[in-house]
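Novice: My questions will all concern the structure given below.
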Amino acid sequence: SVNMGWREKEAAKLAGKKVLMVGAGGIGCELLKNIVLAGFRDIHVIDLDTIDVSNLNRQFLFRREHVGKSKAEVSTAAGLRMAPDAETKIVYDHESIFSEKFNYEFFKQFVFVLNALDNKAARNHVNRMCMATRVPLIDGGTSGYYGQVHSMIRGKTECYECDPKDENKKSFPGCTIRNTPSEHIHCTVWSKHVFNQLFGELDIDDDVSPDMDDEEAKEKLTVVEAMETGDDDEAVANGKTTPESGKSTPEENGKKEEKPGNTRAMAEESGYDAELIFNKLFVDDIHYLLKMANLWKERRPPVPVPFAELATENVGLCESTAAKLDPQQRVWTPAENGAEFRKAVETLRERKAASADGILTWDKDDDAAMRFVAACANIRAGIFHIAPKSLFEIKSMAGNIIPAIATTNAIVAGIMTIDALKIVAGHEDKLASAILMLNPNYRGQVVVPSPPEKPNPACFTCSAKREVSLRLNVEKMTVGTLRDKILMAALGVGAPDVMEATTSKVIVSSEEGETDGLMGDTLAAHGLSMGGRLIVEDFDSGAEMRVVVLQAASFDEHSFVVVSDVSEEGEEQMMMKQEMEEVVIGKKRKTMDENEMPAKKARIEGEEE
């Protein structure tokens with residue numbers, strides 16, 4: 001109205017701003033509450049995860065009756081209850097942020113994006129989309145009692161990928177440990193809980209089985225079972241099965257569903273029979289998870305592995321070859337994982353029986369305990385389609401697991417909200433990075449602010465153009481290795497299009513399937529030699545780089561050195577190892593015959609001016 005006061009005017013200004021929040025977990029719950037109470041009314045929430053019972057101690061928007069439901073859905077409903085105004089529009093997507101629907105046009109509609117993720121690949125992807133659309137990104141993260149907030153604007157501040165992150169620091173992704181692991185570290189954390197559940201001091205928090213006591217899980221399970229029999233009409237209508245549907249309840253069959261602690265009881269009753277324990281963990285529990293169909297709508301379902309199946313598998317390495325490899329560095333085969341599991345269980349069973357209190361304590365330097373965790377982690381990883389790792393790699397991960405702290409999440413979310421208000425008010429010059437410390441610094445600060453860093457001119461994601469040199473062996477390295485290990489993993493190119501500069505021949509296309517037949521070719525087969533040049537474009541971000549090839553005859557097919565020649569500090573060389581984390585982004589690709597500037601890139605440049 002004409003008589004609207006300053007408070008009403010400010011509220012109306014915030015209510016009209018469209019906001020994207022990615023992640024509705026620990027930080028996300030606090031963040032959604034903050035931005036709703038601050039006055040934002042047009043919010044889009046994206047999260048693929050479902051609520052686990054372990055979330056309830058800190059993710060306060062969720063209750064026990066919500067276990068098994070979508071985090072995005074439940075948090076959105078909570079946000080609507082906080083602001084029941086007619087103009088409130090909070091919507092959600094229970095999908096992966098990598099979905100093609102979240103494209104350039106989708107990101108462009110928001111005034112800023114809030115990142116509340118614990119996944120590096122997803123954070124990289126959101127960062128690239130924000131840099132491409134020039135939408136401000138506010139990223140927050142926590143690790144135990146430590147936290148950080150960085151607000152990023154293309155051309156004004158560094159982006160998330162300007163400063164390489166420490167890959168050795170692992171946080172505790174508790175929401176996916178029991179039901180939907182997506183990284184090997186999730187399997188490693190789970191395996192440590194298995195050790196404690198079987199051999200340590202019994203603690204309900206160490207239960208690694210699916211949450212079978214939850215009423216929501218039981219309801220979903222009975223509905224799925226009824227639908228599998230075809231007698232689902234009444235069952236679905238009532239939310240339960242009936243004797244008429246052909247499915248009796250577990251109690252009617254005299255079988256009571258397992259509760260926390262039953263794995264330990266089963267192990268003790270069987271005398272710690274390795275095969276029985278194995279099949280309980282990797283067959284029975286997996287079958288139960290598979291019946292919770294809502295978990296696998298957007299995920300690849302796990303595949304149970306019986307012990308007998310592993311025992312009959314071919315080891316895959318002849319004894320002479322295996323003997324030459326360092327057992328700490330070599331990745332065990334599935335059969336070896338099964339054998340190590342059995343051997344470790346037998347060793348730990350004897351030690352447990354011999355101990356005065358019957359309790360063992362896990363220690364990464366305890367060989368039997370470490371081998372048990374490594375075998376369990378690799379077996380579970382295989383079930384969930386995750387690549388296995390060596391004993392050495394698992395040992396390094398197992399010693400760096402950090403729990404989530406509710407108060408840290410709350411503080412970080414508060415700082416992110418302040419930055420959001422600065423952006424809306426047009427005070428981007430007042431943005432500051434913030435680090436949350438466990439103890440005050442010499443100035444007495446627990447939250448330590450600092451001016452945002454300037455963009456890194458060598459960053460492929462946010463710099464307009466750059467040139468790098470690659471030292472590699474063109475006679476041995478394949479086009480596929482160039483794409484996957486160097487461009488995507490090492491340089492962070494989400495959707496590479498690569499053209500040989502002299503002939504204008506496309507050797508890598510972002511269009512799926514266009515250049516798959518070239519991936520096994522060597523670079524030399526496509527005319528690359530000492531001094532050869534490549535033009536690389538990222539279809540996702542529109543960024544471009546030029547690559548100069550430097551021949552290194554002594555290198556094998558996986559070795560390479562990236563030389564950045566635009567750094568103010570001079571040449572920065574970095575040896576890249578064979579196994580790099582790949583960042584896979586599912587987007588629509590450019591075709592091979594689009595040798596000119598891609599249409600999307602032209603459009604981006606036109607809109608950014």
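The values are calculated or read from the model by the stated rules, or taken from the named source; none is laboratory data. Quick caveat, the model's predicted, so the values are computed rather than measured. A quick note on method: Cβ atoms are made from the backbone with ideal geometry, for glycine too, and the neighbour counts reach across all protein chains shown.
Novice: Considering only segment 371-418, state which residues are within 17 Å of Glu183 (Cβ to Cβ) and polar (S, T, N, Q).
Specialist: Asn378, Ser390, Ser396, Asn400 - these are the residues of segment 371-418 that are within 17 Å of Glu183 (Cβ to Cβ) and polar (S, T, N, Q).
Conditions (1) more than 30 Å from Val126 (Cα to Cα); (2) not hydrophobic (A, V, I, L, M, F, W, C), marked per residue:
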site: Asp521; (1), (2): yes, yes
site: Met530; (1), (2): yes, no
site: Glu537; (1), (2): no, yes
site: Asp540; (1), (2): no, yes
site: Gln551; (1), (2): yes, yes
site: Asp556; (1), (2): yes, yes
site: Val561; (1), (2): no, no
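Novice: Quick test for you: out of Ser75, Ser99, Ser54, pick the one residue that is out of contact with any Leu (no Cβ under 8 Å at 6 or more places or on another chain), closer than 18 Å to Asn409 by Cβ and not acidic (Asp, Glu).
Specialist: Answer to the selection: Ser54.
Novice: What residue, among those in segment 164-206 that are assigned to a loop (DSSP other than H, G, I, E, B) and closer than 17 Å to Glu268 by Cα, is modelled with the highest pLDDT?
Specialist: Among those that are assigned to a loop (DSSP other than H, G, I, E, B) and closer than 17 Å to Glu268 by Cα, it is Gly200.
Novice: Which one is surrounded by the most Cβ atoms within 10 Å (Cβ to Cβ), of the residues in segment 380-399 that are within 15 Å of the chain's Cα centre (by Cα) and of a type outside the set (A, V, I, L, M)?
Specialist: Filtering segment 380-399 for residues that are within 15 Å of the chain's Cα centre (by Cα) and of a type outside the set (A, V, I, L, M), the one surrounded by the most Cβ atoms within 10 Å (Cβ to Cβ) comes out as Phe384.
Novice: Then there is this: Criterion first (within 22 Å of Ala425 (Cβ to Cβ), at pLDDT below 95 and outside any strand (DSSP E or B)) does Arg128 satisfy it?
Specialist: no
Novice: So which residues in segment 309-329 are modelled with pLDDT of 60 or more, loosely packed, with under 12 Cβ neighbours inside 10 Å and more than 24 Å from Met370 (Cβ to Cβ), if there are any at all?
Specialist: Within segment 309-329, Thr312 is the sole residue that qualifies.
Novice: Any residue that is closer than 30 Å to Leu438 by Cα, polar (S, T, N, Q) and in contact with a Leu (Cβ under 9 Å, 6 or more places away or on another chain) - is there at least one of those in segment 114-129?
Specialist: yes
Novice: Mind listing whichever residues of segment 506-533 are more than 31 Å from the chain's Cα centre (by Cα) and surrounded by 14 or more Cβ atoms within 10 Å (Cβ to Cβ)?
Specialist: Val506, Asp521, Thr522, Leu523, Ala524, Ala525, His526, Leu528, Gly532, Arg533
Novice: List the number of the failed condition for Ser99; all other conditions in (1) among the polar types (S, T, N, Q); (2) within 17 Å of the chain's Cα centre (by Cα); (3) surrounded by fewer than 17 Cβ atoms within 10 Å (Cβ to Cβ); (4) within 21 Å of Met416 (Cβ to Cβ) hold.
Specialist: Answer for Ser99: the failing condition is (4).
Novice: Moving on to the next point. Could you run through segment 468-498 and say how many residues are closer than 30 Å to Met152 by Cβ and either outside the structural domain of Val562 (by TED's automatic domain parsing) or hydrophobic (A, V, I, L, M, F, W, C) (or both)?
Specialist: So the count comes out to 12.
Novice: Taking segment 8-59 as the search range and keeping residues that are among the hydrophobic types (A, V, I, L, M, F, W, C) and over 17 Å from Thr417 (Cβ atoms), which one is nearest to the chain's Cα centre (by Cα)? Even if it seems obvious, please write down each step before you answer.
Specialist: Residues of segment 8-59 among the hydrophobic types (A, V, I, L, M, F, W, C): 11-12, 14-15, 19-22, 24, 27, 29, 31-32, 35-38, 40, 43, 45-46, 48, 51, 53, 56.
Narrowing the set further to residues that are over 17 Å from Thr417 (Cβ atoms) leaves 12, 46, 48, 51, 53, 56.
Values: Ala12: 36, Ile46: 14, Leu48: 11, Ile51: 16, Val53: 20, Leu56: 20 Å.
Filtering segment 8-59 for residues that are among the hydrophobic types (A, V, I, L, M, F, W, C) and over 17 Å from Thr417 (Cβ atoms), the one nearest to the chain's Cα centre (by Cα) comes out as Leu48.
Novice: Follow-up. Take the conditions over 25 Å from the mean Cα position of the chain (by Cα) and within 24 Å of Asn196 (Cα to Cα) and apply them to Ala374. Does it pass?
Specialist: For Ala374, the condition - over 25 Å from the mean Cα position of the chain (by Cα) and within 24 Å of Asn196 (Cα to Cα) - is not met.
Novice: Hey, among the residues in segment 477-505 that are acidic (Asp, Glu) and in contact with a strand residue (DSSP E or B) (Cβ under 8 Å, 6 or more places away or on another chain), which one's surrounded by the fewest Cβ atoms within 10 Å (Cβ to Cβ)?
Specialist: Only one residue fits best here, namely Glu500.
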